[in-house]
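The block underneath contains the structure these notes are about, expressed in structure tokens.
The values are calculated or read from the model by the stated rules, or taken from the named source; none is laboratory data. Note that the coordinates shown come from a computational prediction; the quantities given were computed from them, not determined experimentally. Cβ placement follows ideal geometry from the backbone for every residue including glycine, while neighbour counts extend to all protein chains displayed.
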Amino acid sequence: MSKDNEADLKDVELNDLEQEKQPMTGVDASNADGISPTGTEKNGCVKVKIPDEEESKFTGLSKKELMEVAGTPGWVRTRWALLVLFWLGWVGMLAGAIAIIVQAPRCKPLPKMNWWNHGPLYQIGDLGSFTEDKNLEGVVKKIDSLNRLKVKGLILGPIHESTADQLQGLNFLEIDSEAGNLNQFKSLLHAAHKKGISVVLDLTPNYKGREPWFANVSIADVADNLKPALMFWLGQGVDGVLLSGIDSVVSQNPLQWADIRTIVRNNTQGGNGALFGVTEKTSAVEVSNLLNTSGVDLLLSGVLRSSSNTGADCAQALQLLYSSQNQNQLAWNLGDRAQGHMASVVGPNLVPLNQMLLFTLPGTPVFNYGDEIRLEDGDTKFPKMLWDSQKSAEETNGTAKQAREMWRAFFRTLSDLRGKERSLLHGDFLLLHNSTSSLAYLRQWDQSERYLAAFNWGAEPDTLNLSHPALPAQATMRVSTTGQQSESLVKLAALKLEPGQAVLLSFKMDG
């Protein structure tokens, strides 16, 4: 290359360099050196060195170097310190957990409960009045309805053949043709058991006559007729047997009665058969004595019927029975096959109050069919059951149907609480208040939520002062027969009850 060309290239490079130093606003004509009035330069050259890829790569320590560092005294002491801290923390947490368990209050062991203790029991004494089909097949169709009421047991019948007051017409092994047949009975057992409902068969001998065990007939002859029938029906899968009028058998033929008890307990599938007895006695003392001598699993009596309208009489009977008997043997009912329906026994307006009484007392509540909708007796103790599918002339506007649904909902609420709350299932009974017209008691179990039930049978309002060491200043309203708002707080020092009102309150253990 010639010298002239080299000089030209140098001039180009210098010119380019001078252009890079020019200010962004351009060069003033009076400033030939290209320097801005502020004395700064623009667009200078910056040399940036980009490191090579090999220079930026981090390789870390080699295994040999890492082992050498890990073996130094400082790292050894650090590892041992961390290990000791870990185990000290672990042991500390374990000791804390053990201390919490030891200091925590121990749970009270649950008492033995049989299926009939979970209640309620539902009694159908006449199939012809209970369903449109008027037989066992009709009962099968209503199992879902009973299940929605949280019923745990069904007392059925009697359905066996029997001629009033004639021993010759008694046949425990045959189902009365009007009631149905054995295949229908088996279908009923299957449907009920599928829903968790146990079935108790009423085998009262002379149920169509005056005396349950016949008058002027040897009880031993009737018992001999009954024993093979017990084995037959228990073998079919029934969960228990009910017998009315057991007073005479227990007192006059104790050996025969002992045989009956043995058969029921030894021939039930699963060995969990129940023997229920019915007595018309209304004295708490007599009922207590019969419980001791009969050995029945559950005894239905007339105790509440004789004291259902006075708080003082009811409290006295309850205190006597609970002081001497296992509450699991006590059944509470106000109506039955012989006495009729609850609404006819206590009056329609007091049905909700008495339903709450039966559901909250220790023991097993027993209801007659239709008690959940305040069914009343007319010319017969077996009135026609009213289902929502049936409409009479006065029900064309739907008001009666709505009322029945509201009453069923109230029944279901109490039944649900009774079945799931430990204090109501098997809690202790503590009487808080009783007077001529009012009653209040507490149901409590271990650390479970407590329940307080209060009743006013009177025709006037009543205010109860329930100040007690076992009670807080106020409790939560759970159920009221007057529809009072639930979950509201109520002061216990001045608990006001309207005429015919009953309330169920609850509070936590710590008050």
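Conditions tested, residue by residue: (1) in contact with a Leu (Cβ under 9 Å, 6 or more places away or on another chain); (2) surrounded by fewer than 18 Cβ atoms within 10 Å (Cβ to Cβ); (3) not in a helix (DSSP H, G or I).
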{"residue": "Leu304", "(1), (2), (3)": "yes, no, no"}
{"residue": "Ala312", "(1), (2), (3)": "yes, yes, no"}
{"residue": "Ala315", "(1), (2), (3)": "yes, no, no"}
{"residue": "Leu318", "(1), (2), (3)": "yes, no, no"}
{"residue": "Leu321", "(1), (2), (3)": "yes, no, no"}
{"residue": "Ala331", "(1), (2), (3)": "yes, no, yes"}
{"residue": "Leu334", "(1), (2), (3)": "yes, no, yes"}
{"residue": "Asn349", "(1), (2), (3)": "no, yes, no"}
{"residue": "Asn354", "(1), (2), (3)": "yes, no, no"}
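Going by what's in this entry, would Leu201 be described as touching a Leu at 6+ places or on another chain (Cβ under 7 Å), farther than 23 Å from Val278 by Cα and at pLDDT 95 or above? Walk me through it before giving the result.
Working: touching a Leu at 6+ places or on another chain (Cβ under 7 Å): yes; farther than 23 Å from Val278 by Cα: no; at pLDDT 95 or above: yes.
Criteria not met by Leu201.
How about region 271-293: which of its residues are among the aliphatic types (A, V, I, L, M) and assigned to a helix (DSSP H, G or I)?
Ala284, Val285, Val287, Leu290, Leu291, listed by residue number.
Hey, could you check region 451-469 for residues that are over 16 Å from Asn434 (Cβ atoms) and in contact (Cβ under 8 Å) with a residue 40 or more places away in the chain and say which is farthest from the chain's Cα centre (by Cα)?
Ranking the candidates gives Ala459 first.
Please enumerate the residues belonging to region 208-246 that are without any contact (Cβ under 8 Å) to a residue 40 or more places away in the chain, in a loop (DSSP other than H, G, I, E, B) and farther than 18 Å from Glu280 by Cα.
Asn216, Ser218
Go through region 453-475 and give me each residue that's surrounded by 12 or more Cβ atoms within 10 Å (Cβ to Cβ) and in contact with an Asp or Glu (Cβ under 6 Å, 6 or more places away or on another chain).
Scanning region 453-475 gives a single hit, Asn456.
Filter region 188-220 down to residues that are out of contact with any Ser or Thr (no Cβ under 9 Å at 6 or more places or on another chain) and buried (at least 16 other Cβ atoms within 10 Å of the Cβ), then give me how many there are.
Residues flagged as out of contact with any Ser or Thr (no Cβ under 9 Å at 6 or more places or on another chain) and buried (at least 16 other Cβ atoms within 10 Å of the Cβ) within region 188-220 amount to 11.
Looking at region 481-490, is at least one residue in contact (Cβ under 8 Å) with a residue 60 or more places away in the chain and assigned to a helix (DSSP H, G or I)?
No, because not a single residue in region 481-490 is in contact (Cβ under 8 Å) with a residue 60 or more places away in the chain and assigned to a helix (DSSP H, G or I).
Please find, among Val249, Val264, Val296, the residue that is in a loop (DSSP other than H, G, I, E, B) and surrounded by 19 or more Cβ atoms within 10 Å (Cβ to Cβ).
Answer to the check: Val296.
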